[in-house]
Every structure is written in C-alpha cells, then in structure tokens.
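Below: the structure, in structure tokens.
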Amino acid sequence: MTGDLFDMLESPRDEQVGPGTCLLHGFVRNSAAEILAALPALLEQAPLRRMMTPGGQPMSVEMSQCGSLGWVSDRDGYRYTRRDPLTGNGWPALPPFWRELAGQAAAAAGYASFVPDACLINRYAVGSRMGLHQDRDERDFTAPIVSVSLGLTAIFQLGGAGRSDAVQRLRLVHGDVLVWGGVDRLRFHGVQAIAPGRHELTGEFRYNLTFRKAG
Ligand code: SIN
Ligand code: FE2
C-alpha cells in the first residue's frame, strides 16, 4: 500500500489538537500542484534568501514573502515591511486562490472571515529546522495563523504559552493545513530538522506557506 493511500484510508480528516488548534489532514492535497505552480513567478520577483536573526546568525530556512506585507528579520529585529529589502520593490501580490484556500482552511477550523494580508514562504532543505518561537509581530492576535505544508514531511513542535512548556509533536505531511488561533494564538512552535527524502512535486524540499493577518 502506498503512503498516500494509507494516509487517505487512515487519517482522520480534522483533528482538534488544542482548544484553538486544528490539523486539517490533506486539506489542500488536491490543490497542491496548482499552489506550487504559482511559486516560481513569486520567487522570481522576491527571491528566497536566508535572513539574519537579530543576533546575526543566518536562519536555516530560506524565506520569501507575498502579500501587501512581508515579514523581515535582520540586525534591527523582526517586523513587517511593505517592500522587499533585497530588491526595494513591493512584495509580490498574494495569489487570489491562495488567499481563498487560506480563508477556507480557517473557516474549516472554526475561524470565519479570515482574510490574510501576508504570506510567508518557507523552504526547508533536508536538515533545515526552525527553533521554537511565537508569531507575535502581527498587529491583531484575534486572527488565526494558517500554515500549509507541501512536499517533504515535517515534525512540527507545538509548545505552550511559555518557551519551556512541554511540546506536542505533530507529523505534517504534504497537503496538511494546521490552523491555530484564539487561546492558542501565541503558543510556541517550531519544526525539527527535516529528514532526508524526495517528494514527487517538490524534490528534496519542504515548502511551508504561513498565512497571517499582519496589518
Ligand atoms: C513558521 O512558524 O513560520 C513555520 C512553520 C512551519 O514551517 O510549519
Ligand atoms: Fe511561526
């Protein structure tokens, strides 16, 4: 039995993993090829890059952005900007069907009327990871975070309100969407080092799209 068939037969569709956190198994699996097809044009306008942490270390994950606001990290800290510091141009527009899918995922998780204005594009090579952090650079914490996983599998760490709280490990496979908001909006989270593998649509990479209402 192939992994995909196994997933289809065995995965529960929606999994409430916290009071405000829902894992929508395979929510975008059927749209994944179309989502990925929009990437090259976006990344041509705003290339992937490894941003610096405020402490001066290059991040392990390559990032780009689309939407009216883009998330930036450098020596001056974390913030949202209207322009890409690399090119001086505005960030590429959020593809309308990406925005719609993000809204549909939020609604399926219980968050009506989510309209993101920022999408962080993360590309993880094998071995890339993201340390535990909170998403707290957005103006309004009443909107949820919608996080789409494509390509190689990730082990996502879902912590608590404090950095040293115990973490729950979630396996995020191609097509999964994790939504967190409400009382869970500021939970710490991170991604363990990506294990070697190859995916038919993304090769030796995992892509993560994180939709937010930043402004
Ligand atoms: C993030 O927290 O920005 C990324 C999460 C992920 O890659 O799943
Ligand atoms: Fe995050």
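A few notes on this one:
- Gyration tensor (alpha-carbon) shape descriptor, the chain, a/c threshold 1.5: rounded
- Mean sequence separation of contacting Cα pairs (under 8 Å, at least six apart), scaled by the length of the stretch 70-208, corresponds to a relative contact order of 27 percent.
- Packing-based exposure ordering (other Cβ within 10 Å, fewest first) of ARG169, ARG129, ARG79: ARG169, ARG79, ARG129
- Relative to the Cα centre, the charge distribution of the stretch 60-215, modelled as +1 at Lys and Arg Cβ and -1 at Asp and Glu Cβ, gives a dipole magnitude of about 180 debye.
- Table column - 3J(HN,Hα) (Hz), the stretch 81-98, Karplus curve with 6.51, -1.76, 1.60, x for Gly and Pro: 10, 8, 10, 7, x, 6, 10, x, 8, x, 5, x, 5, 6, x, x, 6, 5
- Estimated purely from DSSP H runs of n ≥ 4, each contributing -39500 (n - 2.57), the mean residue ellipticity at 222 nm for the chain is -4500 deg cm²/dmol once divided by its residues.
- Arranged from fewest to most other beta-carbon atoms within 10 Å of their beta carbon, ASP176, ASP165, ASP140, ASP117 become ASP140, ASP165, ASP117, ASP176.
- Neighbour-count ranking [beta-carbon atoms within 10 angstrom, fewest first] of HIS189, HIS25: HIS25, HIS189
Bear in mind that the values in this text are calculations on the coordinates, not laboratory data. Please read these numbers as outputs of a predicted model, since none were measured by experiment. Here the Cβ is made from the backbone with ideal geometry for all residues, glycine too, and neighbour counts use every protein chain on show.
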